[in-house]
Structures are given as C-alpha cells and as structure tokens.
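Single-structure report; data block below.
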Amino acid sequence: MGQEIVPSVTRFISLHQGTRIKKFHVDFQFESSNDDDVNKWISFVVEKKVEDLHINFDIGDKHMGSPFYILPPTIFTCKSLIFLWLKCCKTSFFDSIDLPVLRTLTLRSIEIQDEELRKLTSSTRLLERLSLFDCSRTTYFKIETSANSNLKQLDIIETPVHFSTKPMEINAPSVEKLHFLFFAPRSKYHVKDLTNCLECTFDEPQDQPQATSWQNTFLPLRYHLVLLQILPSFAHVRLIRMGNLCVQGLYKALVRMRMVSLSCTRLEINASFQKWELPGIVVLLRACPVVEDLRFVMTPKHKKIQQFLGEPFDFEPIQIWKNEVNSLVATHLQNLKVVRIKLPGGRNRSRNLEDVFAKDEFGSELIRGLWNHGKHVRVLFSNVKVKSGGGKGGFSSWIRFGEISLSRLLERVELFCMEEKGFLGPLEWEEEGRRFKLQCHSNGAGRASGSVSKL
C-alpha cells in the first residue's frame with residue numbers, strides 16, 4: 001500500500017466510536033509529509049488500548065536514504081500492548097517506559113542505542129520474545145538483557161548484502177532459544193553470557209538478497225570465520241540446527257583441521273547431500289560426539305541448493321565419502337540412537353533408500369553406513385501423512401514373544417506414538433535362534449499398522 005491509504009486511515013480513526021481496538025496493522029511507504037497523520041494514528045490506538053500494534057513504514061525495503069518516522073514516547077507507555085512490531089522508525093531516548101504486559105517485541109531496520117535497548121528490556125518484565133531484524137548495522141551493537149529474567153527467545157536476523165565491520169555483543173543469560181538468521185554476518189560476535197540457552201539455530205533467511213560475484217567470493221570466508229569463532233560459545237547447548245549455507249561455510253575447517261567440540265544431543269542439518277555440502281556435514285558430525293538424535297531436513301527437489309563456494313574442491317569421489325562415513329560411525333557417533341530423515345512434500349514417500357535419495361548417492365551412503373555399522377541406530381522417515389490406529393483385523397498369526405522381542409515391539413510402538421507423522425524403518429533382531437523383522441505399513445488411506453514376521 002502507498003500514500004493513498006493515509007487519508008483513509010485518518011478518516012477511519014476520526015469516525016471510530018468504539019472503546020477499544022485489539023489490533024492495528026498498517027504497512028505503507030512513509031514520507032516526511034505523513035508525520036501529522038501518523039501521530040494521530042499513534043495517539044488514537046494508545047487511547048483505545050491497543051494490544052497488537054504492527055507498523056511497517058517501508059513496504060518496499062527502500063529505507064536507505066528515506067526519512068524515518070520518529071516514534072512518540074506514548075508508544076512506550078501504552079499499558080495494554082502485548083505485541084509490538086516496528087519497522088523503519090527512529091527512537092528518541094525515552095525517560096519513561098511502562099509496558100507491563102508486553103510479551104513480544106520485534107524491531108526491524110531500526111538504529112537503536114545500546115542504553116535504549118537495555119532500558120527497554122529491563123522495563124518490560126513479562127517480555128518473552130525479542131526479535132532484532134537488521135538493527136544497528138552501523139554501530140557496535142550491544143544486546144544487553146540480563147535484567148530481564150523472563151526473556152526466553154532471542155531472534156537475530158541480518159539480511160543486508162553489504163558487510164558490517166561493526167561487532168555485536170550478546171549478554172542474555174535467561175534466553176533458552178536463540179535464532180541466528182544471517183545472510184551477511186558481521187565481522188565478530190562476542191557472546192558474554194548465554195548460560196541457559198538450550199536450543200540454537202544457525203540459518204539463512206528464506207528471502208535472500210542477490211549477492212554480487214565479489215560478495216560471493218568473500219561470504220563463504222565470513223561464514224567460516226564467524227561460525228568457528230562463535231560455535232564454542234554454544235558448546236553446552238543441547239539442540240543445534242544448522243542451515244545449508246552455514247553447513248557449506250564450515251568446509252575450510254575440514255581442510256585446515258580446525259575442529260570444535262559441542263555437547264548437543266540433538267543435531268538438525270538442512271541438506272540436499274550435494275558434494276559441496278559434505279565437508280561441512282563431516283565437521284558437524286565430528287564436533288558432536290555425544291549426539292543421540294540426528295536429523296536431516298531434505299531440500300525440496302524444485303529448490304536447487306546453490307554451491308556457495310567460490311571454487312570447487314577435491315571432495316568428489318564417493319570412495320572418500322565412504323571412508324569418512326566409516327570413520328564417523330566407528331569413532332564419533334557412538335551415542336547415536338536415531339536418525340530422522342525429514343522429507344518435504346514433493347519427495348518420494350518410499351522408505352527404500354534408493355527411492356528416497358534418488359540420485360543423492362552421498363545421502364544413501366551415510367544412512368547405509370549407519371545401518372551396517374551401528375545396528376543400534378534406528379532410521380525414521382517423517383513428513384509422510386499417516387494416522388496411528390490399525391484396521392479391524394488382528395494378527396495373521398500368533399507369535400510368542402521372548403523378553404528381547406517384546407522389548408523391541410514396545411520400544412517401536414512408543415517411538416511411533418511419539419512421532420505425529422512418520423514411518424519407522426524396518427527393525428530386525430534375533431532371539432533363541434530365530435530372526436524377526438518388524439515393519440510399519442500403510443494401507444494407502446492414511447491408516448498405519450505394524451507386522452512382525454519370522455525370517
């Protein structure tokens with residue numbers, strides 16, 4: 001929406017007769033001539049005790065060189081606000097902040113001073129989630145939230161293609177979930193305190209800007225240096241998610257033998273198993289010796305993952321990958337219990353490795369290596385729409401279970417119930433000289449059933 005909406009919104013608020021407004025969302029390209037109208041809007045929604053305020057003054061992402069709206073202090077004394085989302089505004093230092101029920105705060109493309117952010121987070125005691133989207137890219141940015149013990153999630157998103165030479169400092173001891181989404185990382189990140197962080201995501205934004213060839217040359221190196229610098233600060237985190245470009249950014253760590261050590265028990269990797277992703281996958285698996293739950297989020301076939309590296313590297317032969325798989329399974333993945341393959345909707349829904357990975361021979365080689373060398377490892381395929389609950393029939397034949405067989409059956413039933421959507425790969429075992437195989441089937445109508453057969 002453009003300037004044409006301004007008179008309509010102003011007229012609406014002049015005619016409104018209600019006592020409250022729950023949501024007020026407006027998106028348009030701000031111009032300096034809109035100051036008086038926007039001031040009226042803000043005064044109106046504060047008076048009407050708005051709970052959800054969303055103001056986007058830059059719908060075309062054209063804020064460079066454009067005028068910014070200066071936020072009035074009344075926004076920060078609106079006692080009814082629960083959700084606040086602001087883009088392309090300027091903050092004037094506020095003497096008083098009174099947001100007693102604010103729970104979610106999103107600031108996008110805002111140059112906010114360190115002291116302002118510290119005061120804002122310390123004065124909003126119920127704040128649970130803070131999202132900083134392209135904020136303070138031109139300054140040494142300190143994110144200080146130690147005075148707020150209720151803050152549980154921190155999102156840091158940085159998308160501009162231009163590089164920022166200004167570091168970022170993070171001191172958020174109460175945060176349990178940290179999301180790093182960056183296309184152009186800063187030169188340095190100083191992590192002072194994230195002692196309560198349990199879950200961390202390193203990924204790239206979905207809508208990535210188009211980088212130039214010069215930037216493509218330096219971006220992989222920036223990813224590489226930043227990740228090796230920042231990952232040790234998350235050695236205590238139990239769940240780590242890694243996006244594709246971040247995985248590729250770790251490729252030089254394998255060449256230079258610069259390794260990190262992480263204590264995560266669950267590792268989730270976004271991958272399509274292209275040859276240029278393999279070194280990063282190896283680095284991550286080596287870095288997580290106590291991982292128990294390994295998840296690969298497969299990329300849709302229609303979404304081609306680009307090679308993020310400037311030059312190809314010597315990691316092509318399948319034999320090298322086989323050797324790496326053997327080393328990983330034998331030495332680094334002793335605690336691994338389950339591997340989950342998350343398939344997008346467009347992927348083949350077969351449980352056969354060759355069908356699932358199609359031409360992704362590196363992916364099938366890894367799973368096959370886990371099956372062959374780690375018999376305790378279970379492989380689960382998810383994102384297949386099935387519902388638990390069998391048909392009207394019973395067992396085709398009765399089997400007397402021994403202790404081992406019964407424990408295998410109950411364990412698999414428990415796993416199936418824990419998965420809202422998913423097929424479990426076949427499980428084989430031997431007891432009292434007989435071999436058994438447990439499989440999960442679908443009847444094609446969304447119902448699932450299990451069968452145990454003697455081999």
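Things worth noting here:
- Between residue 237 and 263, the built amide H atoms are under 5 Å apart, and every one of these is 5 or more places off in sequence or on another chain.
- Cut-off under 5 Å, modelled amide H: who pairs with residue 340 long-range: 294, 295, 296, 380
- Net charge of neighbours whose Cβ lies under 14 Å from the Cβ of residue 186, counting Lys and Arg as +1 and Asp and Glu as -1: +2
- Cross-link pairs 342/437; 177/437; 192/275; 142/275 - those with Cα-Cα distance over 29 Å: 177/437; 192/275; 142/275
- Each residue, residue 169 and residue 140, gets one label point 7 Å from its Cα in the Cβ direction; the gap between the two is 0.6 nm.
- Accessible surface of the stretch 1-150, 1.4 Å probe, proportion on carbon and sulfur as whole %: 52 percent
The values are calculated or read from the model by the stated rules, or taken from the named source; none is laboratory data. Everything numeric here is computed off the predicted structure, so don't read it as measured data. Glycine gets a Cβ as well: all are built from the backbone with ideal geometry, and neighbour counts include every protein chain shown. Ligands, DNA and RNA are stripped out before the accessible areas are found, and what is left, the full protein with its side chains, is counted by its heavy atoms. Shrake-Rupley method; radii C 1.70, N 1.55, O 1.52, S 1.80 Å.
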